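Encoded as structure tokens, the structure appears first; notes follow it.
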Amino acid sequence: MNAAFNSALVERRAVRQYTSQPVPETLVREILAEARWAPSASNTQCTYAYVLSGEPLARFRADLQEWSASDVPPAPDIEMGPVNAELYLARRDALFGARAGFVATEAAKSSNPGDVPWSPMVAGPAIFGAPVFIVLAIGRDYPTGFGLFDTGLLAQSVALAAHGRGLGTCIVASLIRYAELVRRQIPGTENKNFVIGIALGYPDWDAPVNRFPRERLALEEWVTFVK
């Protein structure tokens with residue numbers, strides 16, 4: 001058993017606030033070179049990665065903030081929702097409630113509570129202050145079912161490879177809900193479907209949003225052993 005790897009599976013979490021420390025391109029290349037060994041259907045390796053940083057990321061962040069503030073209707077390449085079933089909505093709401101409650105508690109304890117509050121409506125369009133944003137895509141000529149599954153495998157591999165190097169990630173579909181804005185910064189992608197975005201950077205562990213307690217279902221709630 002590889003204790004370090006098993007710990008990474010449990011300790012990895014969605015990071016929603018980053019420091020301003022830049023991530024060297026060499027480090028991003030290392031992460032992607034390691035993550036490329038993720039499995040894919042029949043080794044088709046169908047996923048494409050686009051890495052935004054610097055000025056292109058700044059332009060994308062500004063556009064995303066503007067469109068979000070203007071309530072422009074989402075127009076993603078691939079529709080991911082909505083979630084309507086009560087069971088899943090309850091789990092989502094429990095997460096949101098735990099996060100908001102923890103941030104509020106930390107604000108009450110802080111000597112400077114003005115620095116503590118965190119809003120997903122503001123932080124999301126700002127891409128959580130991450131210095132790197134990776135967009136994963138599949139070709140429009142590739143079966144969507146296989147493509148989404150394979151891209152998910154690659155995204156998790158990116159997250160684990162980043163975690164092993166002391167970086168954090170947040171895998172979020174809502175950040176690419178305006179496909180047009182993504183294409184403004186990544187030209188020549190008309191034949192691609194953007195699937196998911198991954199914020200990447202050094203976590204700000206002082207931020208309460210990165211420290212609230214998380215929960216997972218007990219095995220009995222989702223696993224069935226058929227003997």
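Observations on the structure shown:
- Here residue 30 fits the description: open to solvent by 30 Å² or more (accessible area, probe 1.4 Å), over 21 Å from residue 147 (Cβ atoms), assigned to a helix (DSSP H, G or I) and in contact (Cβ under 8 Å) with a residue 12 or more places away in the chain.
- Criterion violated by residue 99 - all others in (1) surrounded by 16 or more Cβ atoms within 10 Å (Cβ to Cβ); (2) closer than 22 Å to residue 177 by Cβ; (3) over 18 Å from the mean Cα position of the chain (by Cα) satisfied: (3)
- Residues (open to solvent by 100 Å² or more (accessible area, probe 1.4 Å) and within 24 Å of residue 187 (Cβ to Cβ)) located in segment 37-72: 45, 48, 55, 59, 66
- Within segment 11-26, the presence of at least one residue that is closer than 16 Å to residue 162 by Cβ, among the acidic types (Asp, Glu) and not in a strand (DSSP E or B) is confirmed.
- First in segment 124-137 and within 21 Å of residue 189 (Cβ to Cβ) and of a type in the set (A, V, I, L, M), second anywhere and open to solvent by 10 Å² or more (accessible area, probe 1.4 Å) and in a loop (DSSP other than H, G, I, E, B), Cβ under 6 Å, 6 or more apart: 132/23
- Identity of the residue in segment 188-214, farther than 20 Å from residue 107 by Cβ and of a type in the set (A, V, I, L, M, F, W, C), that ends up most open to solvent (accessible area, probe 1.4 Å): 196
- Number of positions in segment 1-10 that are open to solvent by 30 Å² or more (accessible area, probe 1.4 Å) and either assigned to a loop (DSSP other than H, G, I, E, B) or within 30 Å of residue 119 (Cβ to Cβ) (or both): 4
The values are calculated or read from the model by the stated rules, or taken from the named source; none is laboratory data. Please read all numbers here as calculations on a predicted model, not as lab measurements. Please note: Cβ atoms are built from the backbone with ideal geometry, for glycine as well, and neighbour counts cover all protein chains shown. Note: accessible area is taken over every heavy atom of the protein model, side chains too, but ligands, DNA and RNA are not part of it. Shrake-Rupley method; radii C 1.70, N 1.55, O 1.52, S 1.80 Å.
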